[in-house]
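Working notes, structure below.
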Amino acid sequence: MIGIIGAMDKEVDDLKALMTGLEGAAEPSVEEHARMQFWKGCLSGHEIVLVRSGIGKVNAATAAEILAAVYNVRAIINTGIAGSLDAAIDIGDMVISTDAMEHDMDVAGLGYDKGIVPDQETSVYKADDELRKIAKESCEAVNPDINVFEGRVVSGDQFVSDKVAKDIIVSSVGGMCTEMEGAAIAHVAWLNNIPYLVIRSISDKADDSADMDYPTFQKIAIEHEVKLMVEMMRRIK
Ligand code: ADE
């Protein structure tokens with residue numbers, strides 16, 4: 001079974017509507033843990049458990065740990081929208097993670113670089129190569145009109161909507177796009193030794209235009225995500 005996490009209702013509702021139940025049932029079944037609903041069923045014939053985590057790293061980490069500990073998932077995919085950190089990556093484009101970092105992890109006062117979790121083997125969580133390949137091929141097949149990029153996804157408990165904040169993130173941890181959950185999910189996946197992938201559709205430029213762009217492009221971004229997830233589940237063995 002594969003775990004899929006989206007932060008917002010808008011990011012999971014369309015996927016949920018496309019799910020069928022397990023073992024021939026028409027509807028997915030639902031279970032509640034930590035105030036979150038976990039929908040079990042099939043997407044494109046593949047067994048999944050889908051959860052809307054809520055926004056931010058704590059919610060995302062909680063959802064990921066439940067997928068690992070309760071559902072014993074063999075992989076976790078995080079889908080959603082993000083702000084672009086790179087001028088070449090436009091609204092509507094897709095970013096597939098090569099790795100993920102928490103941009104708001106800041107122990108600089110003790111001499112650590114931004115993004116580094118002290119006393120931990122790594123703070124750069126590498127995405128699964130096989131999932132990356134399937135995601136890229138699936139996206140190119142079903143969303144031929146957009147560009148697909150592969151690179152670092154960075155996350156923090158911050159909606160990035162000004163150029164100063166954006167520049168600080170880029171100069172400290174880099175990254176192709178920023179959002180609020182992916183690296184927390186990657187971190188939990190690493191702790192549990194589970195393959196993971198973050199797939200983000202760009203809804204804004206993470207600068208002074210972000211609050212204006214966001215509502216307009218959120219819908220288009222989610223449509224691209226849903227098409228990609230459906231195709232990805234069809235291709236996954
Ligand atoms: N999700 C979508 N756009 C974002 C942004 N600019 N900052 C953080 N999370 C986002």
Note to self: With the cut-off at 1.5 for a/c, could you classify the stretch 1-99 from its C-alpha gyration tensor as rounded, prolate or oblate?
What the structure shows: prolate
Check: Once every DSSP H run of n ≥ 4 in the chain is given -39500 (n - 2.57) and the sum is divided by its residues, what mean residue ellipticity at 222 nm do you get, rounded to the nearest 500 deg cm²/dmol?
Finding: -11500 deg cm²/dmol
Note to self: I'd like the Karplus ³J(HN,Hα) series for the stretch 92-103: coefficients 6.51, -1.76, 1.60, θ = phi - 60°, whole numbers in Hz, and an x wherever there's a Gly or Pro.
What the structure shows: x, 6, 10, 10, 10, 6, 8, 7, 9, 9, 8, 6
Item checked: Cα centroid separation, the stretch 162-191 to the stretch 12-65 (Å) -> 25
Next item on the list: Enumerate the amide H contacts of ILE4 below 5 Å, restricted to partners 5 or more residues apart or on another chain; note that Pro and chain-start residues carry no placed amide H.
Entry: VAL49, LEU50, VAL51, ILE77
Check: So which residue, out of ALA221, ALA87, ALA210, gets the largest mean-square fluctuation from a GNM of the chain using Cα contacts under 10 Å as springs?
Finding: ALA87
Next item on the list: For the chain, set up a Gaussian network in which alpha carbons nearer than 10 Å are linked by springs, and say which option among MET36, MET101, MET180 fluctuates the most.
Entry: MET36
Note to self: Could you derive backbone 3J(HN,Hα) for the stretch 31-38 from the dihedral phi with the Karplus parameters 6.51, -1.76 and 1.60 (θ = phi - 60°), listing whole Hz in sequence and x where the residue is Gly or Pro?
What the structure shows: 9, 10, 9, 6, 6, 10, 9, 10
Margin query: Spelling out what I want: for every residue of the stretch 188-202, take phi, set θ = phi - 60°, compute 6.51 cos²θ - 1.76 cosθ + 1.60 (Karplus), and round to whole Hz; glycine and proline get x.
Written below: 5, 4, 4, 4, 9, 6, 10, x, 9, 8, 10, 10, 10, 9, 7
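For the cross-link pairs LYS133/LYS237; LYS166/LYS205; LYS133/LYS166; LYS136/LYS227; LYS57/LYS126, which exceed 21 Å when the distance is taken from alpha carbon to alpha carbon? Can you show the working numbers first?
Details: LYS133/LYS237 13 Å; LYS166/LYS205 9 Å; LYS133/LYS166 29 Å; LYS136/LYS227 12 Å; LYS57/LYS126 18 Å.
Beyond 21 Å: LYS133/LYS166.
How much accessible area per residue does the stretch 84-237 have, in Å², with a 1.4 Å probe?
Details: 6780 Å² over 154 residues.
In whole numbers, the stretch 84-237 has 44 Å² accessible per residue.
How much of the accessible area of the stretch 11-124, in percent, comes from carbon and sulfur atoms when a 1.4 Å probe is used?
Details: 2400 of 5100 Å².
C and S fraction of accessible area: 47 percent.
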Check: Roughly what angle does helix 163-173 make with the longest principal axis of the chain, taking Cα atoms, 0 to 90 degrees, to the nearest 10?
Finding: 80
Next item on the list: Over the stretch 1-75, average the accessible area per residue using a 1.4 Å probe and give it in Å², no decimals.
Entry: 47
Margin query: Please list, ordered by chain and number, the residues whose modelled amide H lies under 5 Å from the amide H of PHE149; skip anything fewer than 5 residues away on the same chain.
Written below: MET94, VAL95, ILE96
Next item on the list: Report, by chain and number, residues whose modeled amide H sits under 5 Å from the one on GLN37, excluding near sequence neighbours (fewer than 5 apart, same chain).
Entry: ARG52
Notebook entry, point to check: Shape call for the stretch 128-206 from the C-alpha gyration tensor, a ≥ b ≥ c root eigenvalues: rounded (a/c under 1.5), prolate (a/b greater than b/c) or oblate?
Noted result: oblate
Note to self: What is the angle, in °, between the Cα long axis of helix 57-69 and the longest principal axis of the Cα atoms in the chain? Nearest 10 is fine, range 0 to 90.
What the structure shows: 40
Next item on the list: Report, in degrees rounded to the nearest 10, the 0 to 90 angle that the Cα long axis of helix 129-142 makes with the longest principal axis of the chain.
Entry: 80
Next item on the list: Could you pull out the GluC sites (Glu not before Pro) across the stretch 62-153 that fall in loop regions by DSSP (anything but H, G, I, E, B) with no more than 16 other Cβ atoms inside 10 Å?
Entry: GLU121
Checklist line | Most fluctuating residue given options LEU110, LEU18, LEU197, as computed from a GNM of the chain linking Cα atoms under 10 Å | finding: LEU110
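Can you tell me how the stretch 49-206 classifies by the Cα gyration tensor, rounded, prolate or oblate, using a/c under 1.5 as the rounded cut?
Details: a/c = 1.66, a/b = 1.03, b/c = 1.61.
It is oblate, given that a/c is not under 1.5 and a/b is not larger than b/c.
The values are calculated or read from the model by the stated rules, or taken from the named source; none is laboratory data. Just so you know, these numbers come straight off a predicted model, no measurement behind them. Quick reminder, even Gly has a Cβ in these numbers, built from the backbone with ideal geometry, and neighbours come from all protein chains shown. The area values use the complete protein model at the heavy-atom level, side chains included, leaving out ligands, DNA and RNA. Shrake-Rupley method; radii C 1.70, N 1.55, O 1.52, S 1.80 Å.
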